[in-house]
Structures are given as C-alpha cells and as structure tokens.
Amino acid sequence: TCEAEAARAAMGGSASLLPREALSEFQELTFLSKQEILLAYKRFSALLPKEERVAVCSARVPKSQILTLPELRANPFQHRICHVFSTSEDGDDSMSFEDFLDMLSVFSDSATSDIKSHYAFRIFDFDDDGTLDRKDLEKLVNCLTGQGEESRLSNAEMEQLIRNILEESDIDKDGTINLSEFQHVISRSPDFASSFKIVL
Amino acid sequence: ELWLPEDVPAAAPAGFLQQLPSYQSALRRRAGGSREQRAGAQGAAGLRAAEPRGPEQHGGEPAARPAREQPLSIAEKRRLRDCQQADIKYLSGWKQWKRTSSKSFKKVLNEAKEFSSYLELWRRDIHSIEGKFGTGIQSYFSFLRFLVLLNFIIFLLMFSFVTLPSIISKYGIFNSSVAKILPKNIEPHCTVYKPSGNEGLVYFYTYLKDLLSGTGFLEVTSLFYGYYTIDAAWLSAMRYNLPLAYLLATFAYLALSLIWIIKRSVDGFKQNLVHGEDQFQSYCNKVFAGWDFCITDPNAARLKHRSLLYELQTDLEEERLKQKIADRTMKEKLHIYSLRICINIIVFAVLSGCFYSIYRATAFSQENSNDVSDTNFQPNLLVQYLPSIVITLANFIAPLIFSFLIRLEDYSPAFEIRLTLMRCVFVRLANIGVLLFSLWSHISGCATDKCKACGYNYELYPCWESEVGQEMYKLTIFDFIIILAVTLFLDFPRKLLVTHCSCKPVQWCGLREFGISDNVLEIVYGQTICWIGTFFSPLLPAIVTIKYFIIFYIKKISLMHTCKTAARPLRASSSNFFFLVVLLIGLVLAFIPLGISIAHISSSKACGPFRSFNTSWAVVPDTVSGFPAGLQQVLHGIASEAFAVPFFMVICLVMFYFIALAGAHKRVVEQLREQLVMESRDKLFLIRKITEAQRH
C-alpha cells in the first residue's frame, strides 16, 4: 500500500514510482484506469518540491500549488473543489495524493451520475449547510458569468433567474434545493454528464 | 397560496430543522469521514458500527454497492471495502462464488475498455479542442469522427461482398471464373456499351480531366457500376450470386447506418419522455450544467463566461418577450401574420428559383457534355461541373437570404435559429433531389419506339447507373475542393489581414466565426451524397472516408488559427441531438432516390449485374423462386395482406398500451409532486406551532 511506500521512503529507499499493490487498490477504489492513475501520480509529484517527491503518497500539496494545474486554473469553482475534496484537518484545503485521485475519479468519464451529482451539490453549496438556498444560487450564477462588475446580471434579472430555477427544481416548495431535489433535476439535465468532466 | 416559506421566522424553525432525521443523515454522510478518521485509533469495532449508516439507504444491505460508488474519500472507501470483505465470510458458498466471479468479470471488462481506448481515433486532438473551446465545438469533431468510422465500415461492407469477389473471379484467382450470360428477349441495340478507356496516345490533361470527372480511364475501373458486368461468378467451384450480393449489400449499409444513428441518438435521451418541458432550454440545465469543467485555457474560460452571460440574459429577455407577445392587439397580430405569409412566399420563391436553376444547369450539362470535344479542356470541365457549381452557389446564397428574412418575421430568438436551420437543411438536401430528378428525366425520356423497348435512353446513356455514379463522384470531389479552397484562400488571408492591418472596417469584419451549424450541414450534405452514390459507385465510401479524414485536420487547423467562436455556441447535448436529426433526415431522403432507382427504373441492359432483370429489385423475387416450396410459401405469406393487416393491428394495440401507460405515469408523478408540497407545508406549519407552544 501507499503507507508501505512511505515507510520504505523513510528508510532511505529510492522508490519514486507507484507500487503495484497501491495501483491495483486505487483501481478498485476509484473509477480511474491504470493509465490515468499513473498520469495523476506523475502530475501530482511534479507539484511537489524535489525533496518530497520520494514520499508522494503521504505528502500534502498546499492549495496555491494545486490551483496552478491547467485543469483547475481557469475554473471558477476552483476554491470550492479544493475545499470539498480536501481531507485536511487544518482546514487549509491542502490535498494529499488520495484526495487528488478522489477528485479525478469523481470527474472522470466512468463515474456514475449519482456520484457526480452528489459532489456537484457539495461544490455548489457555498455555505456548507446542506441545501442550496438563494444565496448559494446567487453566488453560483455569479461564478458562471465571471468576476467583474460588468459581467454580472442585474438584480432584477438575478431575481427572475433564481425564481425560475426554484420553480423547476424545488419540488417541496420550501425555497431551498436539497440533495434529492438536486439529484432529480440533474438526472433530467442532458448536458451534465458531458460538462462535469475533467480529464488530465 | 396561503403559506409562504418566507413567512417563517428564520431562527426558531432552523433549530428544529436541524434535528430532523433526513437532515441528520445528510450531515452524517458528509462529516462522517473526518470524524471516522479521527476515531480511527479507537479500534475497528466502533468503526464498523458507524459504517452501515452510510449505505443504509439501500435497505440495510451494505454490500450491495461496491465501495467505489460511495461518495466517500479513499480512506473511508478502503475501510468500507475491508468491512465488506470481512462480511463475505458469513455468506454462503454460492454467494461467495458469485461475488468473486462478478469482481473478476468486472476487472476483465475494465482491462478491455482500457485497451479499446487506445484504439480511439484522434483522442488527443479532440481532448485539446475540448480544453480550448468547450464541449459544444468538441461535439462537432466527435460527429466528424463518427462519420469517418461509419464510412469506413460501409466501404469494408461493399468491398468484401461486391468488389473483392468480382476482382477474384475476373482475374481467375483461386480457380474462380466469371460468366456473362447475354440476356434473352432483349433488343440487341440496348446492349451496346463502349466506354472510352485508354485509347492509345492521349494528351496528359485528359487524365486529369478523367480523374476530376470520372470519365475515361476511371469509368472502366471498379469505382463505377459498369465494372460489375458479371451475371454469375464461381469462386473455387462455389456459386456466388453477385447480383443478389450487390443488392443486399446496399440494403445492409442503409440499415447499418440507420441503426447506428438511432442508437447514438437514443443514448442521450433516457428520461425525456415523462416530462413535457423542453429539457435543453431549462434554466436548471443552463446553470447547473453550464460550466464546461474541461476548459483549460484562460482565454476560452473568458469567452465561456461571456457566452454564458449572454445566453442567460437572452433567455430571460425571451421570457419577458413572451409576455409582450401575449399582450399583442388584434391589429398587430394581423399585421405580423400577413408579414409572415409574405415572407414564406418569398422563401418559397427563392427555393423554386434554386431548384429551377439546378434543373436547367443539369439539362445543359447533360446535353453539352455528350459532344466529345477533347480539344476544349477547360470549357468541357466547366460544363461537366456545372451542376456542382450551381448547387454550391445555391447552398451558399440561400442561407444568407434566409437569415436576413427571418429577422423581419419577429419570432423569439430560439425559434428563429431553429427555423433558419430547418430551411437551410431543406435547401441543401432538396438540391440533391432536384439534381437526381433532372438526371432521371433525361435518362428515362424516351421519344422513339426503339428507346421504349429498352426502357431508358440507350443512345445517350447505355450505362446510366455509371452516369449517376459519375455525377455523385463529381459532387463529392467538388465539395472537397471548395472546402479546401475556402480555408486556404479565404480564411488564412483574412487572418493575415486582421492581424496586420488595423484599419476600422477590417477590424469590424474580424475573423470568421466557426459556425457549427453551417459546418454540420456541409458534412451532412457530403454524407447524403455518399449514401445515394454508393449503390452506383461502390468504392465511393473509401473516397469519402479519406475526404472526411483530411477535412478533420483542415477544420482543426482552421479553428485553432483562423476562426473565432460564435457568441452563442450550441450546447453539447442539443448539438448532438441536432446533428443526428439532420443526419437522419439526410438518410431518409437518400432512401427515396435509391428506392426509385432500384424498384422503378429499368436497369441498364448493357452493363452491370442486373442485365438479365427488368429492374434491380427483380433479382430478389427471382432468387426466392429458387427456394424450396415450403420456404417460398412462408415468404409469400409474410409479404401478403393476410399477414400484414393483423401485424399492423397488433402494433397499434401495443402502441396504445404504452401511450396509456405513459399517461398514467405522468398523472402519478403529478400527484406525488403535489403531495410533497403539502408535506413540506405541513412540516413547517407544525414546527411553527411547536415553537409557539414552546414560547408559552
């Protein structure tokens, strides 16, 4: 496993490749293929400073480094993605190799639509309260239209848009979208599977 | 109506809402990861108690879903998997075996999928296009790749069943031989066919002319129908019915195209039938699935932001417009409707103009190209290509006129786009139909009795199928030349001009927009020609495969270097739907000319595999009459009315059953929705009551 590799590295070994048992374990636990996991390993170790490259599995990459990846650099949801997938206990949104694989697995081609919609809900839930309320939707639309004052919708347009969204997706009419309502509306959305995808 | 959620004071119900079982389980699912990591040191027993809560939504069987389909982090999934494996020991031997075999089967499937992804054509190119331009444009290139594969498979089909046996039997490989049976009861003048192959010394430019127009040395090759003048073939003492194979291969490639296209379009539509609303235009689709996560280029991201803003603003405006439309007065409505009728008449006139000019051009080309005058190389080639030139001009001018006229008709923006597209599709595909109709009226136009005995104009067209094949070949080549020329001589100079010249008009003109719909109509037009032409020219799919292969690279280079993306690009899923619908329309329109040629027009008696039959279709009844009597009776029974009418009635009954079922489901869905709304209101009402009671 990955921990064994870390132990070997701690003893001064020169293993900088992913061991085979770890590879097959990751294949079993994620939706990624062998090729994709190896590529992710390569890209992740490129983000680490040279000294830490021997123990890739146990290293944590700070958020600023992760955001230099081309796949995330142009993404308006980059901060939310790092926050959702990070298992860091310090709250600094740093990502370990396993977090990185988790992220790629959810965004891969073969991930089920269930998993994708679950994580999409968490990414869009800006205040982490378990529902998408008006403030979350407003922040979401602003992310989509871009930063900058001239690229936002006017207040009236925002109101109209949020009213339409809630009308389409809020089944129990409580003014917020919970996870099941979100998953229901995503299952009817034809564009979701092709747009919610990151491939290295 | 009575109860608005905003009425509820925020503080009091929030406390209760957070104690609800549904909220708690969602919280547990999310925070359970971090808590369990911290509690990891406390031994496995405590963890195992916490584990089953996650997957309990599936009725208490935690091993039902494999670990990787749970929305947990890898560390938790690892623990869950260990848990599942520990549980396996408690299952019966049969279930254990089933579990392990399904696991290894899934592993094998994964390996196979990984291997097949290596074979995927252009994966890296399409991935880079997706990163720079988003999924809307990427869907165009995926569509192009699909067509390259389709044409290649059609070519393999025709080659292995028609061309290869002909070549084998003509050259006597493997002890095979060919038999040419002179057809009986046919006037001898119908069977005279002398194609002008290589006749001694000719000028060099004759070869070029022949290459571009399919005459001369090309006419006698296996490219065209005339080569397959084989009535019976023996491949190493086995009789190979070439005429039947030719016809069945034609039906096979049409059926294959139909099935493959339908399968691809069905893949995108699983849930659409229960709900009535337009799924592509829904706001939720635009907002939740609006951002293409695969964009890697900051410029492309900026463009995407802008186009999303524009799209949302136009949709909101369109909704406000609907209100305005509903408020129109009677006088305004009358004015608008009369204007629309006028414009539709103008559109009709434009279409008739196009069709008439194509008809005349074809007639002129047919009359003048039969005067063999090798000395005038260029005018002769121009006359040969006249129908192609006129069609290309019509395909270019008509959409410009339509997009100008649609602005006067005052429709909503989405409907405008759709109507213009439909009109353009109709123009492009109907042009081919008019060309073929014009050709046929010349071929079947019979004045003398001698001509009527053959059934077609034997003097001018002794081998009329090769003529039609040549027209289709010319259309394909000309289409390819035009695409190449437009990119080389229009797009690149324009790009040079825009980058180096900074005067106002040039900058205002700007680069060419990569219009997805125009490009798609172009390749669907080429594909329709291929479908029609393959019957008359069996190697045409190979030419079209190579053509689309080169066009992929041309379009990619043109996109990367000389084009800018449109302000409002089509979305990926609605693009796929649109491409496949247009392709399907092209295929259905290709059925009509082929059906008429095969079943109605007499096959030529001087060349081809159908010399001994009246029409090409006649080979099928002929073969059936050679079957054993029992099989013949069965086949006749299936084709008779006694079978068709009950079959049709059963199909109607099945259809009515499914319509009724869908209606019942819709009603149930509506009732459940209303019930959910009621439940939610009840819940908030009760919470308010409890809060009030607590306060007193």
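The values are calculated or read from the model by the stated rules, or taken from the named source; none is laboratory data. Note that the structure is predicted; figures quoted are calculated from it, not measured. Note that we place each Cβ from the backbone using ideal geometry, even for glycine, and neighbour counts take in every protein chain shown. Surface areas here come from the heavy atoms of the whole protein model, side chains and all, with no ligands, DNA or RNA. Shrake-Rupley method; radii C 1.70, N 1.55, O 1.52, S 1.80 Å.
Quick look at the numbers
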item: Filter result for residue A:25 (under 24 Å from residue B:72 (Cβ atoms), touching a Cys at 6+ places or on another chain (Cβ under 9 Å) and modelled with pLDDT under 90); result: yes
item: Some residue of segment B:337-352 being modelled with pLDDT of 85 or more, in contact with a Ser or Thr (Cβ under 6 Å, 6 or more places away or on another chain) and not acidic (Asp, Glu); result: no
item: Any chance residue B:502 is among the polar types (S, T, N, Q), in the same structural domain as residue B:148 (by the TED database) and free of Cβ contacts under 8 Å to residues at least 60 places away in the same chain; result: yes
item: Residue in segment B:637-656 that is under 27 Å from residue A:170 (Cα atoms) and open to solvent by less than 80 Å² (accessible area, probe 1.4 Å) present; result: no
item: Top-ranked residue of segment B:185-205 - restricted to ones that are touching a Phe, Trp or Tyr at 6+ places or on another chain (Cβ under 8 Å) and surrounded by 14 or more Cβ atoms within 10 Å (Cβ to Cβ), ranked as nearest to residue B:458 (Cα to Cα); result: B:190
item: Matching residues, segment B:526-546, being open to solvent by 10 Å² or more (accessible area, probe 1.4 Å) and outside any loop (DSSP other than H, G, I, E, B); result: B:542, B:543, B:545, B:546
item: Leading residue by the ranking (modelled with the highest pLDDT) among those in segment B:403-416 that are open to solvent by less than 40 Å² (accessible area, probe 1.4 Å) and over 14 Å from residue B:346 (Cα atoms); result: B:412
item: Filter result (in contact (Cβ under 8 Å) with a residue 24 or more places away in the chain and open to solvent by 50 Å² or more (accessible area, probe 1.4 Å)) within segment B:242-252; result: B:248
item: Selection from segment B:305-355 of residues that are within 17 Å of residue B:409 (Cα to Cα) and within 14 Å of chain A (Cβ to nearest Cβ); result: B:318, B:321, B:322
item: Test: residue A:101 is of a type outside the set (Gly, Ala, Ser) and either away from chain B (no Cβ under 11 Å) or over 25 Å from residue A:138 (Cβ atoms) (or both); result: yes
item: Among the candidates B:419, B:400, B:435, residue that is within 28 Å of the chain's Cα centre (by Cα) and surrounded by 19 or more Cβ atoms within 10 Å (Cβ to Cβ); result: B:435
item: Leading residue by the ranking (least open to solvent (accessible area, probe 1.4 Å)) among those in segment A:25-57 that are polar (S, T, N, Q) and in a loop (DSSP other than H, G, I, E, B); result: A:30
item: Options B:474, B:564: the member that is crowded, with 17+ Cβ neighbours inside 10 Å, touching a residue at least 24 places away in the same chain (Cβ under 8 Å), among the basic types (Lys, Arg) and touching a Leu at 6+ places or on another chain (Cβ under 8 Å); result: B:474
item: Flag for residue B:458 being more than 23 Å from residue B:540 (Cβ to Cβ), buried (at least 20 other Cβ atoms within 10 Å of the Cβ) and in contact (Cβ under 8 Å) with a residue 24 or more places away in the chain; result: yes
item: First in segment A:181-200 and more than 7 Å from chain B (Cβ to nearest Cβ), second anywhere and among the acidic types (Asp, Glu) and open to solvent by 30 Å² or more (accessible area, probe 1.4 Å), Cβ under 8 Å, 6 or more apart; result: A:183/A:114; A:200/A:36
item: Candidate set: segment B:64-103, residues that are closer than 28 Å to residue A:118 by Cα and among the hydroxyl-bearing types (Ser, Thr, Tyr); chosen: the one nearest to the other protein chains (Cβ to nearest Cβ); result: B:73
item: Pair list, Cβ < 9 Å and 6+ apart or interchain, from segment A:146-158 residues that are in the same structural domain as residue A:133 (by the TED database) to residues that are among the basic types (Lys, Arg); result: A:146/A:152; A:146/B:302; A:146/B:304; A:146/B:306; A:151/B:306; A:158/A:152
item: Evaluation of residue A:170 against (1) modelled with pLDDT under 90; (2) more than 7 Å from every other protein chain (Cβ to nearest Cβ); (3) open to solvent by less than 20 Å² (accessible area, probe 1.4 Å); (4) more than 21 Å from residue A:114 (Cα to Cα) (one fails), failing number; result: (4)
item: Index of the failed condition, residue A:123 passing every other in (1) under 30 Å from residue B:129 (Cβ atoms); (2) touching a Lys or Arg at 6+ places or on another chain (Cβ under 9 Å); (3) facing chain B (nearest Cβ under 9 Å); result: (3)
item: Selection within segment A:129-164 - at the interface with chain B (Cβ under 8 Å from one of its Cβ atoms) and among the polar types (S, T, N, Q); result: A:145, A:151, A:160, A:164
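Every residue, every condition in (1) at pLDDT below 90; (2) touching a strand residue (DSSP E or B) at 6+ places or on another chain (Cβ under 6 Å); (3) in a loop (DSSP other than H, G, I, E, B); (4) surrounded by fewer than 18 Cβ atoms within 10 Å (Cβ to Cβ), yes or no:
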| residue | (1), (2), (3), (4) |
| --- | --- |
| A:161 | no, no, no, no |
| A:165 | no, no, no, no |
| A:174 | yes, no, yes, no |
| A:184 | yes, no, no, yes |
